[in-house]
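The values are calculated or read from the model by the stated rules, or taken from the named source; none is laboratory data. Since the structure is predicted, the reported quantities are computational estimates derived from the model, not experimental observations. Note: accessible area is taken over every heavy atom of the protein model, side chains too, but ligands, DNA and RNA are not part of it. Shrake-Rupley method; radii C 1.70, N 1.55, O 1.52, S 1.80 Å.
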Amino acid sequence: MLPKNRGLEVKAAGSRPCRVDADQLQRYESMAGGFPLDGLYYAIFFYNNGRRKGSGRTKRGTKLNVCRTKAEVEQFVIRNCTALFAVDHRILVRVCEKAGAHVPAFPGDPDRPAVILHQSLLVRLASGDQEAFGELQLSSRQWASRKMTVKLPGKLIDRLTPVEFPLYTLGKVSELSSVCADYDSELVCA
(Lines give C-alpha, C1' and ligand atoms only; values in the text may rest on other atoms or scores of the structure.)
Protein backbone atom coordinates (compact mmCIF):
# COMPACT_ATOMS: atom_id res chain seq x y z
CA MET A 1 0.00 0.00 0.00
CA LEU A 2 2.82 2.43 0.87
CA PRO A 3 6.40 2.90 -0.29
CA LYS A 4 9.04 1.30 1.96
CA ASN A 5 10.44 2.95 5.10
CA ARG A 6 7.40 5.18 5.63
CA GLY A 7 5.70 5.87 8.92
CA LEU A 8 1.92 5.87 9.29
CA GLU A 9 -0.26 8.08 11.48
CA VAL A 10 -3.97 7.17 11.65
CA LYS A 11 -6.79 9.71 11.91
CA ALA A 12 -10.56 9.48 11.54
CA ALA A 13 -13.24 12.04 10.76
CA GLY A 14 -16.97 11.58 11.07
CA SER A 15 -19.42 14.23 9.99
CA ARG A 16 -16.82 17.01 10.25
CA PRO A 17 -13.52 17.67 8.46
CA CYS A 18 -10.42 15.88 9.69
CA ARG A 19 -8.26 17.79 12.17
CA VAL A 20 -4.52 17.18 12.13
CA ASP A 21 -2.47 18.56 15.00
CA ALA A 22 -0.24 21.25 13.44
CA ASP A 23 2.56 20.76 15.99
CA GLN A 24 2.52 17.00 15.39
CA LEU A 25 2.75 17.60 11.64
CA GLN A 26 5.84 19.81 12.15
CA ARG A 27 7.48 17.15 14.38
CA TYR A 28 6.88 14.49 11.74
CA GLU A 29 8.21 16.80 9.03
CA SER A 30 11.52 17.03 10.90
CA MET A 31 11.66 13.21 11.30
CA ALA A 32 10.82 12.36 7.68
CA GLY A 33 14.03 13.51 6.04
CA GLY A 34 15.75 10.14 6.02
CA PHE A 35 16.12 9.45 9.71
CA PRO A 36 14.37 7.69 11.27
CA LEU A 37 11.90 7.61 8.36
CA ASP A 38 12.12 8.22 4.61
CA GLY A 39 8.64 9.71 4.76
CA LEU A 40 5.30 9.62 6.49
CA TYR A 41 1.72 9.01 5.44
CA TYR A 42 -1.48 9.91 7.23
CA ALA A 43 -4.22 7.28 6.97
CA ILE A 44 -7.47 9.22 7.23
CA PHE A 45 -10.74 7.32 7.61
CA PHE A 46 -13.89 9.22 6.71
CA TYR A 47 -17.05 7.64 8.11
CA ASN A 48 -20.77 8.33 8.47
CA ASN A 49 -21.65 9.42 11.98
CA GLY A 50 -25.26 10.54 12.00
CA ARG A 51 -27.27 11.84 14.89
CA ARG A 52 -29.16 9.43 17.10
CA LYS A 53 -32.94 9.60 16.98
CA GLY A 54 -34.97 10.24 20.07
CA SER A 55 -35.45 12.93 22.63
CA GLY A 56 -34.21 13.72 26.08
CA ARG A 57 -30.75 14.22 27.45
CA THR A 58 -29.67 10.57 27.19
CA LYS A 59 -30.59 10.27 23.53
CA ARG A 60 -28.64 13.26 22.18
CA GLY A 61 -25.40 13.04 20.29
CA THR A 62 -24.02 11.02 17.45
CA LYS A 63 -24.18 7.30 16.87
CA LEU A 64 -20.49 7.01 17.78
CA ASN A 65 -21.29 8.37 21.26
CA VAL A 66 -22.93 5.01 22.07
CA CYS A 67 -19.57 3.21 21.80
CA ARG A 68 -17.88 2.71 25.17
CA THR A 69 -14.75 0.66 24.44
CA LYS A 70 -11.87 1.02 22.01
CA ALA A 71 -13.03 -2.14 20.20
CA GLU A 72 -16.56 -0.72 19.80
CA VAL A 73 -15.17 2.51 18.35
CA GLU A 74 -12.95 0.62 15.89
CA GLN A 75 -15.87 -1.59 14.82
CA PHE A 76 -18.13 1.46 14.35
CA VAL A 77 -15.61 3.34 12.21
CA ILE A 78 -14.93 0.33 9.96
CA ARG A 79 -18.64 -0.51 9.57
CA ASN A 80 -19.44 3.09 8.62
CA CYS A 81 -16.31 3.95 6.61
CA THR A 82 -17.00 5.80 3.35
CA ALA A 83 -13.39 6.28 2.22
CA LEU A 84 -9.81 5.87 3.38
CA PHE A 85 -7.05 8.20 2.20
CA ALA A 86 -3.34 7.48 2.71
CA VAL A 87 -1.84 10.95 2.24
CA ASP A 88 1.85 11.83 2.00
CA HIS A 89 2.54 14.23 4.87
CA ARG A 90 4.11 16.72 2.44
CA ILE A 91 0.63 17.36 1.02
CA LEU A 92 -0.65 18.15 4.52
CA VAL A 93 2.29 20.48 5.08
CA ARG A 94 1.21 22.38 1.94
CA VAL A 95 -2.41 22.51 3.14
CA CYS A 96 -1.14 23.99 6.43
CA GLU A 97 1.04 26.54 4.60
CA LYS A 98 -1.87 27.57 2.37
CA ALA A 99 -4.73 27.65 4.87
CA GLY A 100 -2.84 28.04 8.12
CA ALA A 101 -3.51 26.30 11.39
CA HIS A 102 -6.84 26.97 13.04
CA VAL A 103 -7.40 27.73 16.72
CA PRO A 104 -9.54 26.59 18.48
CA ALA A 105 -9.73 23.33 16.61
CA PHE A 106 -9.84 20.61 19.25
CA PRO A 107 -12.64 20.33 21.79
CA GLY A 108 -11.21 20.42 25.29
CA ASP A 109 -7.88 21.86 24.10
CA PRO A 110 -8.68 25.27 22.58
CA ASP A 111 -5.06 26.44 22.39
CA ARG A 112 -3.84 23.57 20.19
CA PRO A 113 -3.72 24.57 16.49
CA ALA A 114 -4.84 22.15 13.80
CA VAL A 115 -4.82 21.77 10.05
CA ILE A 116 -8.43 21.39 8.89
CA LEU A 117 -8.62 18.86 6.07
CA HIS A 118 -11.81 18.54 4.03
CA GLN A 119 -12.62 15.28 2.26
CA SER A 120 -13.61 17.29 -0.84
CA LEU A 121 -9.99 18.47 -1.28
CA LEU A 122 -8.67 14.91 -0.99
CA VAL A 123 -11.24 13.71 -3.53
CA ARG A 124 -10.13 16.45 -5.94
CA LEU A 125 -6.47 15.47 -5.51
CA ALA A 126 -7.28 11.77 -5.87
CA SER A 127 -9.07 12.45 -9.16
CA GLY A 128 -5.98 14.25 -10.53
CA ASP A 129 -7.53 17.74 -10.43
CA GLN A 130 -4.71 20.00 -11.68
CA GLU A 131 -6.32 23.07 -10.13
CA ALA A 132 -6.32 21.42 -6.69
CA PHE A 133 -2.61 20.60 -7.02
CA GLY A 134 -1.97 24.16 -8.25
CA GLU A 135 -3.74 25.65 -5.21
CA LEU A 136 -1.22 23.81 -3.03
CA GLN A 137 1.68 24.79 -5.31
CA LEU A 138 2.37 21.13 -6.10
CA SER A 139 3.22 19.93 -9.58
CA SER A 140 0.49 17.60 -10.81
CA ARG A 141 3.18 15.88 -12.90
CA GLN A 142 5.09 14.86 -9.76
CA TRP A 143 2.11 13.86 -7.59
CA ALA A 144 -0.49 11.17 -8.23
CA SER A 145 -3.07 8.98 -6.55
CA ARG A 146 -3.66 5.28 -6.60
CA LYS A 147 -7.11 3.82 -6.02
CA MET A 148 -7.88 0.41 -4.59
CA THR A 149 -10.98 -1.11 -3.06
CA VAL A 150 -10.84 -2.45 0.49
CA LYS A 151 -13.09 -5.47 1.02
CA LEU A 152 -13.52 -6.83 4.53
CA PRO A 153 -15.46 -10.03 5.16
CA GLY A 154 -18.48 -9.52 7.38
CA LYS A 155 -17.31 -12.06 9.97
CA LEU A 156 -14.16 -9.98 10.53
CA ILE A 157 -16.22 -7.09 11.86
CA ASP A 158 -19.18 -8.88 13.46
CA ARG A 159 -21.46 -8.32 10.48
CA LEU A 160 -23.38 -10.56 8.16
CA THR A 161 -22.51 -8.56 5.06
CA PRO A 162 -19.00 -7.60 3.93
CA VAL A 163 -17.83 -4.00 4.07
CA GLU A 164 -16.32 -2.32 1.03
CA PHE A 165 -14.86 1.19 0.65
CA PRO A 166 -12.32 2.97 -1.57
CA LEU A 167 -8.70 3.50 -0.56
CA TYR A 168 -6.83 6.36 -2.21
CA THR A 169 -3.08 6.74 -1.77
CA LEU A 170 -1.79 10.25 -2.55
CA GLY A 171 1.95 10.63 -3.03
CA LYS A 172 4.85 11.22 -5.38
CA VAL A 173 4.54 9.58 -8.82
CA SER A 174 8.07 8.16 -8.51
CA GLU A 175 7.15 6.43 -5.22
CA LEU A 176 3.66 5.22 -6.13
CA SER A 177 4.47 3.80 -9.55
CA SER A 178 6.69 1.11 -8.04
CA VAL A 179 4.05 0.24 -5.45
CA CYS A 180 1.30 -0.02 -8.09
CA ALA A 181 3.08 -2.91 -9.75
CA ASP A 182 2.66 -4.92 -6.54
CA TYR A 183 -1.10 -4.40 -6.17
CA ASP A 184 -4.21 -4.46 -8.32
CA SER A 185 -4.67 -0.69 -8.52
CA GLU A 186 -4.86 2.20 -10.91
CA LEU A 187 -2.38 5.10 -10.88
CA VAL A 188 -4.09 8.44 -11.59
CA CYS A 189 -1.87 11.26 -12.80
CA ALA A 190 -3.12 14.70 -13.76
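For the residue pairs 11/151; 98/151; 70/151, alpha carbon separations beyond 24 Å are given by 98/151. For residue 45, the solvent-accessible surface with a 1.4 Å probe is about 40 Å², rounded to the nearest 10.
Accessible area per residue was computed with a 1.4 Å probe on protein heavy atoms; residue 135 scores about 70 Å².
Sorting 23, 129, 111 by solvent-accessible area of protein heavy atoms yields 111, 23, 129, largest first, with a 1.4 Å probe.
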